[in-house]
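Contents: one structure, followed by commentary.
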Amino acid sequence: MARKMLIAGNWKMNGLSAEGIALATEIKTAVKAKKRTCEFLVCPPFTMLSTVKKALRGTKVALGAQDCHFNEKGAHTGDVSPLMLIDSGCSYVILGHSERRADHGESNELVCKKAIAANKAGLKAIICIGETLEQRDRGETVDVCKNQVLGSVPDDATALNTVIAYEPVWAIGTGKTPTAEDVEEVHAQVRKVLAKKLGKTQANKMRILYGGSVKPSNAKEFLSLPDVDGALIGGASLKSADFMAIADNASC
Ligand code: PGA
């Protein structure tokens, strides 16, 4: 089953416009410099979406946001709707990142509502799952991830409008990573749950990204695993050379 690799940068709450433009421009140049087999995506903070979109003009690098509300509009101070993201040039939105689950108490149910709204507006949702260190130590990794998939992924999700990102919470921004065997095990189990929930066809086509301290030196190890279809990259996505080296080292 040929799934197109997705190399996605999650810029989190970093950078002002000048830095965003510079980073996007460098990525644009590097992506254009040679033939690529993967899809590239950058997810800047809300404030920079339109600016970065302009900087990316003329490339296939996609634009995504890091969250959205589940309503189309209304009295929700500080929130941003899926349609507003489309209006800013986005085609993707990251949902249920562990930092949002932890900082804003986002539940599986809420993430699912957001994903439904995002899909309805025409956005592809990147739904994040992953266990904490305590859950891992208790041997609950696979169960936690399965439950997050069951609760956060809409029942009618398809491989066209949904991407899963497996990000062990303890691996995010720490430089620590699971072994390749551990990652493949979780991805394979997640694909099995997706098959039960959405049917085999969608599950086999749906991309499952790995995220958590991905860098040029470990990119090949993770991205060559059979059930890993790309990476969601935080820290290393803020330097164009590292971001591009991840794709280069994974030969995509
Ligand atoms: P990291 O972040 O690459 O800095 O570990 C990944 C993420 O949180 O998406």
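Looking at this structure, is Ala195 without any contact (Cβ under 8 Å) to a residue 24 or more places away in the chain and either of a type in the set (Asp, Glu) or within 15 Å of the ligand (Cβ to nearest atom) (or both)? I'd like the intermediate steps shown before the answer.
Details: without any contact (Cβ under 8 Å) to a residue 24 or more places away in the chain: yes; either of a type in the set (Asp, Glu) or within 15 Å of the ligand (Cβ to nearest atom) (or both): no.
It is false that Ala195 is without any contact (Cβ under 8 Å) to a residue 24 or more places away in the chain and either of a type in the set (Asp, Glu) or within 15 Å of the ligand (Cβ to nearest atom) (or both).
Scan the range 89-112 for residues that are more than 16 Å from the ligand (Cβ to nearest atom), under 26 Å from Lys53 (Cα atoms) and open to solvent by 30 Å² or more (accessible area, probe 1.4 Å) and jot them down.
Selection gives Ser91 alone.
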Of those in the range 122-156 that are under 18 Å from the mean Cα position of the chain (by Cα), in a helix (DSSP H, G or I) and away from the ligand (no atom under 16 Å from the Cβ), the residue surrounded by the most Cβ atoms within 10 Å (Cβ to Cβ) is Val149
When restricted to Asp79, Asp67, the only residue open to solvent by less than 20 Å² (accessible area, probe 1.4 Å) and either part of a loop (DSSP other than H, G, I, E, B) or out of contact with any strand residue (DSSP E or B) (no Cβ under 9 Å at 6 or more places or on another chain) (or both) is Asp67
Could you list, in sequence order, the residues of the range 211-245 that are more than 11 Å from the ligand (Cβ to nearest atom) and either of a type in the set (Asp, Glu) or assigned to a strand (DSSP E or B) (or both)? Glu221, Asp227, Asp229, Gly230
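Yes or no, residue by residue, for (1) without any contact (Cβ under 8 Å) to a residue 12 or more places away in the chain; (2) within 21 Å of Ala180 (Cβ to Cβ); (3) out of contact with any Lys or Arg (no Cβ under 7 Å at 6 or more places or on another chain); (4) surrounded by fewer than 17 Cβ atoms within 10 Å (Cβ to Cβ):
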position: Gly199; (1), (2), (3), (4): yes, no, yes, yes
position: Ala203; (1), (2), (3), (4): no, no, no, no
position: Ala219; (1), (2), (3), (4): no, yes, yes, no
position: Ser224; (1), (2), (3), (4): no, yes, yes, yes
position: Asp242; (1), (2), (3), (4): no, yes, no, no
position: Ala245; (1), (2), (3), (4): no, yes, yes, no
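Taking Ile86, is it open to solvent by less than 40 Å² (accessible area, probe 1.4 Å) and closer than 25 Å to Ser17 by Cα? Before the answer, list the steps.
On the way: open to solvent by less than 40 Å² (accessible area, probe 1.4 Å): no; closer than 25 Å to Ser17 by Cα: yes.
It is false that Ile86 is open to solvent by less than 40 Å² (accessible area, probe 1.4 Å) and closer than 25 Å to Ser17 by Cα.
The values are calculated or read from the model by the stated rules, or taken from the named source; none is laboratory data. Everything quoted here is computed from the prediction, not taken from an experiment. Quick reminder, even Gly has a Cβ in these numbers, built from the backbone with ideal geometry, and neighbours come from all protein chains shown. Please note that ligands, DNA and RNA were not included when accessible areas were found on the heavy atoms of the full protein model with its side chains. Shrake-Rupley method; radii C 1.70, N 1.55, O 1.52, S 1.80 Å.
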